[in-house]
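So the structure is just underneath, and the comments pick up after that.
Every read-out reported here was derived from the displayed coordinates using simple, explicitly stated rules and does not represent laboratory data. As the structure is a computational prediction, the values presented were derived from the model and not from experiment. Cβ sites come from the backbone with ideal geometry, for glycine too, and all protein chains shown count toward neighbours.
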Amino acid sequence: MPQFIGKPPYRCSLCGQLGAREAHGEHGIICEECYKKQAPICDFCSVVNPTWEYDCNTFVTKEMEGYRFVNEWLACDVCHEFIEDDDYNGLLKFSMAEYRRNHPNPKATDRLERLLMEKVGEIHNLFRKNRIGSCKLIGGQVK
Ligand SMILES: [Zn+2]
Ligand SMILES: [Zn+2]
C-alpha cells in the first residue's frame, strides 16, 4: 500500500491531525487512527473489502515522488485472479477502468490518461518484482 512520506506533512483529510501518511482511495491522505476505522480497500482497484493479502518489500519509484509502498498489499478477487495469472496488462486495464468509474474526471485527456496508466503500470511492475512468497486469504477464511 502507498504511504505519503514527502514534505510538507499533510493534515489528515478526516480529522485534521498533522503528519497523515496513509493513502486511502476515497479520502486521500489520512492519519493512521482514521485509516484503521475505514473499510480496507483493494490496493489495485480501490474496491472495498478486498479478500487477499500479499507480502511485498518496501519500494519507492520516481513515478510517484513523496510516496513509498509498504507491506502489505490487499487485493480483491478480480485483481487477485489477474495477479495469479501474471496478467499485468489485464490488471492495469481493470484497475484503471475501476478507478475512473469511481473517480470520474470529465477533464481527463487521452494524454493524461496515458500518463496515469504508465505511472500505475510502473507501480504494478515494481509490486510484481518485490512481492514475497504466495498470497493468503485475509483472516484465513476459506473461499
Ligand atoms: Zn485522522
Ligand atoms: Zn481490486
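Could you work out the relative contact order of the chain? I mean the mean sequence separation of Cα pairs under 8 Å and 6+ apart, divided by the number of residues, in percent. Could you put the intermediate results ahead of the total?
Details: 221 pairs, mean separation 33.2, N = 143.
Relative contact order of the chain: 23 percent.
Around Ala39, what is the net charge, scoring Lys/Arg as +1 and Asp/Glu as -1 over all other residues with Cβ under 14 Å from its Cβ? List each step's numbers first, then the result.
Details: positive: Lys36, Lys37; negative: Glu22, Glu26, Asp43.
Spelling it out: positives minus negatives among the neighbours equals -1.
Eigenvalues of the Cα gyration tensor times 5, then square-rooted: what semi-axes does that give for the stretch 18-143, in whole angstrom, largest first?
21, 19, 16
Starting from the Kirkwood radius over alpha-carbon pairs of the stretch 12-66, derive D by Stokes-Einstein at 37 °C in a medium of 0.692 mPa s and give it in µm² s⁻¹.
It diffuses with D of about 262 µm²/s by this estimate.
Between their Cα atoms, which of Lys62/Lys93; Lys37/Lys107; Lys36/Lys107 are more than 29 Å away from each other?
Working: Lys62/Lys93 22 Å; Lys37/Lys107 32 Å; Lys36/Lys107 33 Å.
Pairs exceeding the cut-off: Lys37/Lys107; Lys36/Lys107.
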